[in-house]
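Have a look at the structure below, then the notes.
The values are calculated or read from the model by the stated rules, or taken from the named source; none is laboratory data. Note that the structure is a prediction, hence the values are computed from the model and not measured. Neighbour counts are summed over all protein chains in view; Cβ atoms, including those assigned to glycine, are modelled from backbone coordinates with ideal geometry. With ligands, DNA and RNA removed, areas are computed over all heavy atoms of the protein, side chains included. Shrake-Rupley method; radii C 1.70, N 1.55, O 1.52, S 1.80 Å.
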Amino acid sequence: MNNPTILIVEDDSSVRNLIATTLRSHDYSYITVQNGNDALAAASAGECGIMLLDLGLPDMDGLEVIERIRSWSKMPIIVISARNADSAKVTALDSGADDFLTKPFSVEELLARIRVTQRRIEDSGEQLNSSVYENGELKIDYAAGCAYIAGEELHLTPTEYRILCLLAKNAGRVLTHTYLTQQIWGSSWDNDIASLRVHLATLRKKIEKDTGSPQYIQTHVGVGYRMLKHD
Ligand code: CA
């Protein structure tokens, strides 16, 4: 099995060196960065297969790194943090982390978690870090933050773009109103669901040729929405 390059995001040099030394002695190549912005840049460069992420970073919280990466990439993220409350783990996993290791950690356990993640990547055979999504005439360039229909750039509001990315990322699956409003506004009150409907309607006008028989976003009445897949 080909070892993926590991992206180490850690501002504490002693922990960073421990992880780097461990990986080097087990034939992994790696890149190290010390803050969230460099982590985002390194992740979008697409050279790394797995991210090891500290949560307490100097420029932003690791949770924000996870959320931002998840808007365009399924790159596996293993959090390594001193935050050991169950709530911290749940929050990180809900934000899109794949695994959570509490500091201090054993290097054997770290290597085992990396191997599990590698097997999962290989089993899924998925393209984990594609920064361009294409579905029929719809194209989303996640790195640039732009979407196109038949080559024409769409002028979407940030919320419309976010909804489109969530649906595209989960194409073929119905996303419930609650899931979507939680992802967008962090809540799911009745008025959030009502706003979701409004944003969906304006998004549809921009991407569908005929909003009466949508080709991309299907409504599941009382449940949610689904992005239909095209060749
Ligand atoms: Ca830290």
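Just a few scattered comments:
- Sole exception among (1) small (G, A, S); (2) within 14 Å of the ligand (Cβ to nearest atom); (3) surrounded by fewer than 16 Cβ atoms within 10 Å (Cβ to Cβ) for G62, by number: (3)
- Residue in the range 71-79 that is over 15 Å from I19 (Cβ atoms) and either free of Cβ contacts under 8 Å to residues at least 40 places away in the same chain or part of a strand (DSSP E or B) (or both) present: no
To keep it simple, each residue is scored yes or no on (1) among the polar types (S, T, N, Q); (2) within 30 Å of H26 (Cα to Cα); (3) at pLDDT 90 or above; (4) not assigned by TED's automatic domain parsing to the domain that holds A43.
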{"residue": "L138", "(1), (2), (3), (4)": "no, no, yes, yes"}
{"residue": "Y142", "(1), (2), (3), (4)": "no, no, no, yes"}
{"residue": "C165", "(1), (2), (3), (4)": "no, no, yes, yes"}
{"residue": "A171", "(1), (2), (3), (4)": "no, no, no, yes"}
{"residue": "T176", "(1), (2), (3), (4)": "yes, no, yes, yes"}
{"residue": "T181", "(1), (2), (3), (4)": "yes, no, yes, yes"}
{"residue": "D190", "(1), (2), (3), (4)": "no, no, no, yes"}
{"residue": "A194", "(1), (2), (3), (4)": "no, no, yes, yes"}
{"residue": "I207", "(1), (2), (3), (4)": "no, no, yes, yes"}
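- Here the range 1-51 is the region considered, the condition is being open to solvent by 70 Å² or more (accessible area, probe 1.4 Å) and in a helix (DSSP H, G or I), and the residue that is nearest to the ligand (Cβ to nearest atom) is S14.
- The residues of the range 142-175 that are of a type outside the set (S, T, Y) and part of a strand (DSSP E or B), listed by number, are C146, A147, I149, E152, E153, V174, L175.
- Residues (surrounded by fewer than 17 Cβ atoms within 10 Å (Cβ to Cβ), within 20 Å of V198 (Cβ to Cβ) and either touching a Leu at 6+ places or on another chain (Cβ under 9 Å) or of a type in the set (V, I, T) (or both)) located in the range 131-158: T157
- Residue in the range 67-80 that is away from the ligand (no atom under 12 Å from the Cβ), among the aliphatic types (A, V, I, L, M), under 18 Å from V107 (Cα atoms) and buried (at least 21 other Cβ atoms within 10 Å of the Cβ) present: yes
- Failed criterion for L203 (all others in (1) touching a helix residue (DSSP H, G or I) at 6+ places or on another chain (Cβ under 6 Å); (2) closer than 19 Å to S95 by Cα; (3) not β-branched (V, I, T) hold): (2)
- Any chance R115 is under 19 Å from the mean Cα position of the chain (by Cα) and not β-branched (V, I, T): no
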